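Structure first, commentary second.
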Amino acid sequence: MKNERIKRYTNEIRTKNFIIRKISNPNNCKNRVDGLIPGGDRSNSYVWAMAETKKYIYIGSNRNLLLNSINLFITNDTLANVITKLVFRGDVPTDVDDNAARIFRYNKSTKKIELVYKSETDVDGIVYETGYRSAITFKASNEDSESVYMGGFGPKYARILKFKDNFVIGIDNPEVVFFDESGFASIRSMEIYNNKL
């Protein structure tokens with residue numbers, strides 16, 4: 001059954017109440033994995049979390065999720081890579097060593113997506129986050145402006161990162177407002193209750 005209220009365009013879907021528009025590499029054809037940044041990055045599988053400020057939409061992605069999930073069940077890396085290549089016909093990269101999750105932001109004025117943050121590694125070379133599962137915009141009572149909080153997912157750590165409204169890429173670092181190192185963990189949801197996060 002076709003929904004007659006939806007008008008289909010090349011890179012967007014319009015309804016009476018909203019518009020969904022492709023903003024990641026909009027000139028790439030449909031059904032093509034393209035990543036979020038210009039030129040594409042096939043290892044950022046999809047968006048896991050978003051939060052909006054006046055100027056930006058912050059985007060938390062995951063890194064190599066499909067391949068890493070397959071590797072959990074098939075411990076032979078060569079076999080896992082062969083199966084991944086066969087099943088996904090080359091759409092899922094198998095020659096990757098970089099599992100550091102990324103946070104991007106979409107600039108509402110320029111209509112561009114830029115890399116804001118790449119997860120760091122600990123002293124043993126383990127990335128803090130392989131993905132960002134939750135995001136929220138929140139203004140603490142003792143602050144003048146809102147900040148974006150991103151909840152991480154990682155093989156050893158779970159952190160919440162805070163990006164202030166005036167965050168400058170390449171100069172500022174996010175503030176770590178929560179840190180847990182109890183093992184494979186995830187911050188899946190954050191909410192505001194009684195003016196607290």
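Odds and ends about this structure:
- Criterion (surrounded by 15 or more Cβ atoms within 10 Å (Cβ to Cβ), assigned to a strand (DSSP E or B), among the aromatic types (Phe, Trp, Tyr) and in contact (Cβ under 8 Å) with a residue 12 or more places away in the chain) met by exactly one of Tyr58, Tyr46: Tyr58
- Only one entry in Val168, Val176 is exposed (fewer than 15 other Cβ atoms within 10 Å of the Cβ), part of a strand (DSSP E or B) and of a type outside the set (Gly, Ala, Ser), namely Val176.
- Considering Thr78, Thr94, Thr137, the condition of being part of a strand (DSSP E or B) and either surrounded by 12 or more Cβ atoms within 10 Å (Cβ to Cβ) or modelled with pLDDT under 90 (or both) is satisfied by Thr137 alone.
- From the list Ile37, Ile13, the lone residue that is loosely packed, with under 15 Cβ neighbours inside 10 Å and either touching a Cys at 6+ places or on another chain (Cβ under 6 Å) or modelled with pLDDT under 80 (or both) is Ile13.
- Output for region 107-131, where each listed residue is over 17 Å from Lys164 (Cα atoms), part of a strand (DSSP E or B) and either at pLDDT 95 or above or hydroxyl-bearing (Ser, Thr, Tyr) (or both): Thr121
The values are calculated or read from the model by the stated rules, or taken from the named source; none is laboratory data. Since we're looking at a predicted model, the values are computed, not measured. Every residue, glycine among them, receives a Cβ derived from its backbone with ideal geometry; neighbour counts consider all protein chains shown.
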